[in-house]
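Below is one structure, written out as structure tokens, with a few remarks after it.
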Amino acid sequence: YAWGCTVAPPAGAVPPKIRIYSPNSTVLSSNNVSLSFKATTSKDASMLLDVWYQIAWEKNNTVEYHKFTCFFHRYVNWMPDGNHTITVFANGAGSFVTENTFYIYDIDGSSSVNFTVDSIQPTISFMSIQNKTFDTANVALNFSLNKPVSKVFYSLDNHENVAANENAPLALHNLSNGEHNVTIYSQDEYGIISAPSTVYFNVKVFPTTLVVAVSAALATVVVVTGLLVYFKKYGRKPEG
């Protein structure tokens, strides 16, 4: 055969095959990410020339390239929290003969994986005193979060979850006298839900109707006593 020049791959040529084994989860809880993949030849790319990968950091948009062949595994350390994409590239060589002329070509393949690193689990801390007794039926429980979250919800006395405002104290209204508990959760922007945090407290509201009744009774006693003193002083008898 006569030797021809290097040409473009023919239409429909199959590039090298790339299989990414890890990362294989949508959300990872560690900043040290296991990266492993394998590149193999295809019917149209009978030889691997180069294999490399590209990491596009979300925050600073830097790129890293590494060249090697076939199977690869390593840990990518200190990957920042956020959304990430790793793309693996493979460059192969192929050939064909036409009209007694031998041609060679380069052909590239790629495969990507998308994932999220979320290494800090949201946690909630109550700033209210545990087992505190409130003298009001309307209670505001202060809490703090260790990171920004997308949702906060709570359960009062083990009832259904209710949405809360993550930037404001937890406002509870019309509480009955007695023991209560509140369990609060949060969900961050990547869908990770915090461990539940529970606080116990008591409500003891002094009855207002009793206060009014006692106040009225005292007022009556004062008026009657004042009248008796008046009539005794001026020698008059009460009418009626």
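The values are calculated or read from the model by the stated rules, or taken from the named source; none is laboratory data. Since this is a predicted model, take the numbers as computed values, not measurements. Note that we place each Cβ from the backbone using ideal geometry, even for glycine, and neighbour counts take in every protein chain shown. For accessibility, only protein heavy atoms count, side chains too; no ligands or nucleic acids. Shrake-Rupley method; radii C 1.70, N 1.55, O 1.52, S 1.80 Å.
Restricting attention to region 152-178, the residues being free of Cβ contacts under 8 Å to residues at least 24 places away in the same chain and either open to solvent by 70 Å² or more (accessible area, probe 1.4 Å) or assigned to a loop (DSSP other than H, G, I, E, B) (or both) number 7.
Taking strands (runs of 3 or more DSSP E) as the structural unit, those lying wholly within region 86-151 and holding at least 2 residues that are under 32 Å from the mean Cα position of the chain (by Cα) and surrounded by 15 or more Cβ atoms within 10 Å (Cβ to Cβ) correspond to 101-117, 124-126, 139-141, 143-145.
One residue is enough: does region 28-35 have a residue meeting the conditions in contact with a Pro (Cβ under 9 Å, 6 or more places away or on another chain) and among the hydrophobic types (A, V, I, L, M, F, W, C)?
First, the residues of region 28-35 that are in contact with a Pro (Cβ under 9 Å, 6 or more places away or on another chain): 31, 33-35.
Now narrow it down to the ones that are among the hydrophobic types (A, V, I, L, M, F, W, C): 33, 35.
There is at least one residue in region 28-35 that is in contact with a Pro (Cβ under 9 Å, 6 or more places away or on another chain) and among the hydrophobic types (A, V, I, L, M, F, W, C).
Scanning region 11-34 for residues that are in a strand (DSSP E or B) and within 14 Å of Phe89 (Cβ to Cβ) gives Lys17, Ile18, Arg19, Ile20.
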